[in-house]
Each structure stands twice: as C-alpha cells, then as structure tokens.
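As structure tokens, the structure follows; a few thoughts come after it.
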Amino acid sequence: MLHATNSIDPVENVFARDVVGGLSADVKTLPSRWLYDERGSALFEEITRQDEYYLTRAETSILRERRRHIADFVESGAILIEYGAGAGVKTELVLAGLRNPRGYVPIDIAAPFLAETSKRIASRFPSLWVRPVERNFLDVFEVPFDSCYGGRTGFFPGSTMGNLDAIEAKTLLTQMGRHLGDDGRAIIGVDLQKSVDMLLRAYDDSADVTAAFNLNLLERINTELGGDFRLEQFEHAARWNEIDKAVEMHLVSLCDQCVTICGRTFNFRTSETIHTESSRKYTAESFEQLARSGGWRVAEAWQDADRLFGLFGLIR
Ligand code: AVI
C-alpha cells in the first residue's frame with residue numbers, strides 16, 4: 001500500500017505511531033508484530049522449512065507422538081480455541097487426534113488466513129462447529145459459544161508465547177482463563193533453553209531467509225510510511241540475551257546515517273541497532289512460573305525426542 005508521506009499521521013496510524021515512537025527511543029526498537037505483512041508472513045513460513053529452524057519440526061513431532069496423551073488431556077467433546085491461528089496446520093493434527101471434538105474457534109488478526117483456515121477445517125471436519133474471531137489475541141474481547149457446549153481447551157502452539165514480554169504473556173494467560181472458564185484447559189508450545197550456538201543458528205540461517213524476514217520490516221516502512229531506509233546499509237543480527245534468556249533479532253546500521261519517515265529524521269550511528277524481536281526460551285521451571293503468573297498450573301509436559309521443544313498442558 002503506497003501513501004503520500006505527508007498524509008500519514010503518527011497519531012492516527014498505529015504502525016506509524018509504533019515506528020516513530022520506537023525509533024525515537026534511546027535504544028531503538030520496533031514491535032515484532034509488524035514483521036508480518038504479506039511478504040513477512042510468507043518469509044516466516046519459509047523460515048519454518050530451514051534446516052536450522054528446528055522449532056516447527058520438533059513441535060510437530062510432539063503433536064504426532066503424543067497424540068493419545070493430548071486426546072486424554074483434552075477429553076471427549078471439547079471446543080478448541082486457538083490463539084493466533086495462522087494457517088492452522090498444527091490444528092488439523094490435533095483435531096484429528098481428539099475424540100469427538102465439538103467446536104473450533106480460531107482467533108487471528110489476519111482475515112485472509114482466518115477465512116481460509118476456517119473453511120479448510122470445516123470441510124475436513126464437517127460436524128465441527130467453527131466460529132472464527134478476527135481479533136488480535138492480545139486485545140480484550142469475548143469468544144462466542146452460543147450454540148456449542150463442551151469443555152473448552154485453549155491452543156497456543158508455535159512458541160509465539162516467547163515473542164511476548166512478561167506483561168503481555170500474563171495478560172494473555174489471564175484472558176485465556178476468562179475465555180476457557182474454571183474447568184478450562186490449555187495447550188501451549190514453547191521453545192526450550194539449549195546451546196546458544198544452536199539457538200543463534202536457528203535465527204540466522206545459512207540461506208539468509210531470517211535476514212530477509214528481518215530486513216523486510218524496513219522495506220515495509222519504506223512502502224507503507226514513505227520511509228527512505230537504504231536496506232544495503234543495514235544488516236540482520238541474532239544475539240543471545242543471557243538475562244532475558246532470549247534470542248534477539250536486531251538490524252545493525254553499517255554506517256553513520258539518517259533516515260526520514262513521516263517527515264521526521266532519525267539518526268543512526270555505525271553499529272547502532274534496532275531491536276525487532278525477542279524469542280524467549282524456557283525451562284520447565286521458568287514456564288511453570290509464567291503459567292502461574294496468569295492463573296494456570298502445569299499438569300502435563302511433553303517434549304520431542306531431542307528435548308528441544310516443550311508442549312505444556314495447563315489446568316486452572
Ligand atoms: C513466530 N515466532 C514464534 C518465531 C520465533 O521463533 O520467535 C518468529 C521468528 N523470528 C525469527 N525466526 C522466527
């Protein structure tokens with residue numbers, strides 16, 4: 001979408017507001033949700049197919065191997081509520097393993113994904129009551145259950161929990177508790193702590209797909225906000241933050257330069273970075289602590305054979 005630079009008001013336009021605010025701070029940062037325009041989403045799908053990005057393969061293997069345990073945990077006749085449904089590939093695996101699932105409520109901000117996923121799931125599971133909800137799962141909203149009765153289970157796979165800061169994660173867990181009720185259950189996938197070398201390779205693959213994904217954010221600012229970032233003057237970097245136990249993505253300025261966006265000028269020193277994403281990595285203990293902060297307890301913990309990824313079954 002092309003706009004005349006002057007027509008974009010950072011007060012009205014949320015993307016512009018986040019960009020101007022984030023680049024005006026002493027430590028420059030941009031919220032990771034803006035990585036996912038159409039090209040960003042396609043690049044993320046490509047990342048999940050890279051050899052170094054073990055997360056998707058490991059989580060999928062748990063869903064396959066632990067199919068029975070997951071079905072026992074969810075119980076018969078459940079309604080599955082998926083937070084940030086996306087393409088819903090893992091959902092099909094879970095639904096196929098459940099006993100007599102009654103409903104599916106995918107929640108996603110991306111309308112095209114939501115419509116396509118709902119249609120595909122409804123045609124594969126014709127008796128399922130499917131009600132898509134087009135919302136950012138971090139907003140406060142209600143979930144429809146009008147004509148569908150059954151135990152409710154939240155599903156939040158893919159380690160997206162790791163992209164949330166502590167306050168966002170707690171807010172989401174609390175909202176899930178409200179949606180799912182006192183008898184509700186939740187299945188959440190998170191990446192586990194491991195060698196820093198392996199983690200950094202997952203976020204800086206040899207085919208440079210992650211680099212393209214990160215740099216695409218600057219391209220998006222140029223296209224949508226009339227920015228004049230010169231992409232060749234920035235470089236992708238993945239860094240380990242030992243305090244937060246997180247892999248961080250940064251865009252590193254390769255020279256002293258200034259960039260204009262929405263009529264404002266931002267100065268960059270050589271080596272100064274824009275922090276674009278944190279991917280937090282957990283242990284069973286640190287995840288349990290997080291779950292408790294949002295009113296949940298860990299009842300089940302499943303891992304892949306190489307213990308790379310964790311899928312946790314939560315109860316209230
Ligand atoms: C979506 N999310 C869980 C991915 C992750 O691993 O944090 C996003 C990603 N960023 C770089 N590679 C993948």
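Hey, any hits in segment 287-307 for a residue that's within 30 Å of Ser24 (Cα to Cα) and within 15 Å of the ligand (Cβ to nearest atom)? Give the steps one after another, and end with the answer.
First pass over segment 287-307, keeping only residues within 30 Å of Ser24 (Cα to Cα): none.
Scanning segment 287-307 turns up no residue that is within 30 Å of Ser24 (Cα to Cα) and within 15 Å of the ligand (Cβ to nearest atom).
If I filter segment 46-68 down to residues being farther than 22 Å from Ile187 by Cα and in a helix (DSSP H, G or I), which single residue comes out as most open to solvent (accessible area, probe 1.4 Å)?
If we filter segment 46-68 for residues that are farther than 22 Å from Ile187 by Cα, which is where we start, we get 46-47, 49-52.
Still in the list and also in a helix (DSSP H, G or I): 46-47.
Working: Glu46: 76, Ile47: 7 Å².
Applying the filter and picking the extreme gives Glu46.
For segment 16-38, which positions are more than 16 Å from the chain's Cα centre (by Cα) and either surrounded by fewer than 19 Cβ atoms within 10 Å (Cβ to Cβ) or within 16 Å of the ligand (Cβ to nearest atom) (or both)?
In the first step, residues of segment 16-38 are kept if they are more than 16 Å from the chain's Cα centre (by Cα); the result is 16-29.
Matches in segment 16-38: Arg17, Asp18, Gly21, Gly22, Ser24, Ala25, Asp26, Val27, Lys28, Thr29.
Among the residues of segment 81-128 satisfying the criterion of being open to solvent by less than 30 Å² (accessible area, probe 1.4 Å) and aromatic (Phe, Trp, Tyr), which is farthest from Ser41 (Cα to Cα)?
Tyr104
Name the strands (runs of 3 or more DSSP E) wholly inside segment 209-310 in which the number of residues that are surrounded by 18 or more Cβ atoms within 10 Å (Cβ to Cβ) is 3 or more.
The qualifying strands (runs of 3 or more DSSP E) are 234-241, 246-253, 273-280, 297-303.
Being within 13 Å of the ligand (Cβ to nearest atom) and without any contact (Cβ under 8 Å) to a residue 60 or more places away in the chain narrows it down to one residue among Asp228, Asp208, Asp191; which is it? First the steps, then the outcome.
Details: Asp228 fails: within 13 Å of the ligand (Cβ to nearest atom); Asp191 fails: without any contact (Cβ under 8 Å) to a residue 60 or more places away in the chain.
Exactly one residue qualifies, and that residue is Asp208.
Per-residue answers, yes or no, for (1) among the acidic types (Asp, Glu); (2) more than 22 Å from Leu55 (Cα to Cα); (3) away from the ligand (no atom under 16 Å from the Cβ):
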residue: Lys245; (1), (2), (3): no, no, no
residue: Leu251; (1), (2), (3): no, yes, no
residue: Thr273; (1), (2), (3): no, yes, no
residue: Ala284; (1), (2), (3): no, no, yes
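I need the full set of residues from segment 15-48 which are without any contact (Cβ under 8 Å) to a residue 40 or more places away in the chain, of a type in the set (Val, Ile, Thr) and within 17 Å of Glu248 (Cβ to Cβ), in order please.
Selection gives nothing.
Applying the selection to segment 151-178, what residues are in a helix (DSSP H, G or I) and within 26 Å of Ser76 (Cα to Cα)?
Within segment 151-178, the subset in a helix (DSSP H, G or I) is 160-163, 166-178.
Once the filter is applied, which keeps residues that are in a helix (DSSP H, G or I) and within 26 Å of Ser76 (Cα to Cα), segment 151-178 yields Leu172, Leu173, Thr174, Gln175, Met176, Gly177, Arg178.
The values are calculated or read from the model by the stated rules, or taken from the named source; none is laboratory data. Predicted model, so just to flag it, every value in this text is computed and none were measured. Because the Cβ atoms are built from the backbone with ideal geometry, glycine has one as well, and the counts that use them run over all protein chains shown. Side chains included, ligands, DNA and RNA excluded: accessible areas come from the protein's heavy atoms. Shrake-Rupley method; radii C 1.70, N 1.55, O 1.52, S 1.80 Å.
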